[in-house]
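None of the figures in this text is laboratory data; all of them are computed from the coordinates on show. Worth saying up front: this structure is predicted, and the values here are computed from it rather than measured. Every residue, glycine as well, gets a Cβ built from its backbone with ideal geometry; the counts of neighbours run over all protein chains shown.
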Amino acid sequence: MKQQTYVIVGAGFAGAKAAETLRAEGFDGRVVLLGAESERPYERPPLSKEYLRGEAGREKVYVHEDGFYEQNEIELHLRTSAAAIDAAAGEVVLDSGDRIAFERLLLATGATPRKLDAPGHDLDGIYYLRDVEDSDLLRARLDAGSGHLVVIGAGWIGAEVAASARMKGLDVTLVEMTEVPLERVLGRELGTVYRDIHVDHGVDFRGGVALERFEGSGSVERVVLSDGSAIDSDFVVVGVGVMPRVQLAQASGLEVENGVVVNELLESSVPGVFAAGDVANAWHPLISRRLRVEHWANALTQGPAAAMSMLGRGKPFDNVPYFFSDQYDVGMEYAGFPSDWDEVVFRGDLASREFVAFWLQEQRVVAGMNVNVWDVNEAIQELVRSGRPVERERLIDTDVPLEELAGVATG
């Protein structure tokens, strides 16, 4: 029999975990992993937190130890990009013009930061954080321990960078178009909690205002906002979201809509071509609609799930989306679906920043977030997954174990 070849385009977290899974499940054909960067696969969450602050070295961010790919006969090609997919021929065309024939193909091309086009956007000293090289450049600025950083965008990346910079002793101004951080995701009340966390740690928070322009001679020196105010700055970090890298898929005739459109088995509109991670807009059985998730945990689980589907042993991918964030001494975990909600209720004390928040829709938990409260996220995910109505009074009563409400076995 002809040896089969499975190609993975994108050597990030999802791609690396897919390759690992193929070998762990006994696939003995060729596994080819293509990565555009010069580094072997690494994880991104530390890039805005402990790695950025210099508390973790480069070896802590890699997905696998040095030598893993050789030992498992995974052909890792760095500084290598795919230019096209010739689906009819079953070949990936590389930028070099070389072709690799495949029986199965996985797109794990990730996402790229959304860029600003405001006047002055091309000045030096304006940074975006996506890869380890970006983090290295910012780490050098933070290591100086002084200067004024302006962060544009108070989403998770912007908020984590702002926290890391304050922890390193820099003056920080955090600018956000909504009134409070993360308002679109968490709502006004939870966003206010995160605003106050940053203000308490000395961040100058500017909410409800947009960026007007950057000013400077060669390098950025000021950030001018839509209310007419100007902020002196030594450097700027922009964190206003990401866009899925769909250019390869789109040019190759795959269905694309807010990512590569895939079914519950993560297979695209072209049979034998799959997608996972930030780039995959996947049909989700629990909510009967497509969902694209940009978080670490999704790459961790969706890459292996796609590998199983490539092997013909896949199951519908129905994980409840999960992410985490650490800012200063406040850690959180969130599980659930971006959705409309009727109300947000709290279990615990917001003032002490030890609580669990629940987003409810018709008495059903659609999402939950535990803040400095641990070992409850499994129960939260089960509450979301079950779709069962829950009595509000029992949900907020700290004397009622969440495991009991969720029906999660303990002990």
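Tell me which residues come under 5 Å, amide H to amide H, from VAL270 once H is placed; ignore anything under 5 positions away on its chain.
Under 5 Å from the amide H of VAL270: GLU255.
By how many nm would the segment from SER81 to GLU189 lengthen if fully extended, with 0.36 nm per residue of separation less the alpha-carbon distance?
34.5 nm
How many lysine pairs are close in the chain, with Cα atoms under 17 Å apart and the two 8 or more places apart or on different chains?
Taking the chain as the scope, the lysine pair count is 4.
Quick one: give the max-minus-min coordinate of the C-alpha atoms of region 3-72 along each principal axis, largest first, in Å.
46, 20, 17
For the chain, build the charge dipole from Cβ charges (+1 Lys, Arg; -1 Asp, Glu) around the Cα centre, then report which of GLY336, GLN3, HIS284 sits farthest towards its positive end.
My answer, from the dipole projection, is GLN3.
Full extension from SER269 to GLU354: what is 0.36 nm times the residue separation minus their Cα-Cα distance, to one decimal in nm?
So the extension gain works out to 26.1 nm.
Work out how far the C-alpha atoms of region 126-238 reach from end to end along every principal axis, then list the three figures in whole Å, largest first.
Taking the Cα atoms of region 126-238, the three principal extents are 38, 29, 25 Å.
In the chain, if the dipole is taken from +1 on Lys/Arg beta carbons and -1 on Asp/Glu beta carbons about the Cα centre, which of VAL242, LEU174, TYR194 is farthest to the positive end?
VAL242
Which whole-percent values make up P(r) of the chain when all C-alpha to C-alpha distances are grouped in 10 Å steps starting at zero?
Once binned at 10 Å, the Cα pair distances of the chain give 5, 21, 28, 26, 17, 4, 0, 0.
Using θ = phi - 60° and the Karplus curve 6.51 cos²θ - 1.76 cosθ + 1.60, what whole-Hz ³J(HN,Hα) does each residue of region 301-317 get, with Gly and Pro shown as x?
9, 6, x, x, 4, 5, 4, 5, 5, 4, 7, x, 10, x, 10, x, 7
Can you work out the FRET efficiency for the pair ASN372 and ASP66, with r the C-beta to C-beta distance and R0 = 51 Å, to the nearest 0.05?
So, using R0 = 51 Å, E works out to roughly 0.90.
In deg cm²/dmol, rounded to 500, what helix-only [θ] at 222 nm does the chain give when every DSSP H run of at least 4 residues adds -39500 (n - 2.57) and the total is split over its residues?
-6500 deg cm²/dmol
Grab every C-alpha pair in region 93-166, bin the distances at 5 angstrom width from 0 up to the longest one, and report whole percents.
With a bin width of 5 Å, the distribution comes to 3, 11, 18, 20, 14, 9, 7, 8, 7, 3, 1.
Can you list the equivalent-ellipsoid semi-axes of region 329-406, largest first and in whole Å, using the square root of 5 times each Cα gyration tensor eigenvalue?
18, 13, 12
Could I have the simple spin-label model distance between ALA24 and ASP318, label points 7 Å from Cα toward Cβ, reported in nm to one decimal?
Distance between label points: 2.2 nm.
Treating only the Cβ of Lys, Arg, Asp and Glu as charged (+1, +1, -1, -1), what charge dipole size does the chain show about its Cα centre? Round to the nearest 20 debye.
Here the size comes out at about 840 debye.
Find, among the trypsin sites (Lys or Arg not before Pro) in region 112-204, those assigned to loop by DSSP (not H, G, I, E, B) with at most 13 other beta-carbon atoms within 10 angstrom.
Here the trypsin sites (Lys or Arg not before Pro) that fit, given the DSSP loop and packing criteria, are ARG114, LYS115.
List every residue whose amide H lies under 5 Å from the amide H of ASP171, counting only residues 5 or more places away in sequence or on a different chain, with H placed 1.01 Å from N in the peptide plane.
Amide H neighbours of ASP171, under 5 Å, 5+ apart: GLY147, LEU149.
Can you pull out the trypsin sites (Lys or Arg not before Pro) in region 305-387 whose DSSP state is coil and whose Cβ has at most 15 other Cβ atoms within 10 Å?
Passing sites in region 305-387 are ARG313.
Run the quick spin-label model on GLU362 and GLU257: label points 7 Å from Cα toward the beta carbon, then report their separation in nm to one decimal.
If labels sit at GLU362 and GLU257, their model points lie 2.4 nm apart.
Treat every Asp and Glu Cβ in region 126-238 as -1 and every Lys and Arg Cβ as +1, leave all other atoms uncharged, and give the resulting dipole magnitude about the Cα centre to the nearest 20 debye.
Dipole magnitude for region 126-238 comes out near 100 debye.
What nm value, rounded to one decimal, do you get for the distance between ILE231 and GLU39 when each label is placed 7 Å out toward the C-beta?
Going from the ILE231 label point to the GLU39 one covers 2.6 nm.
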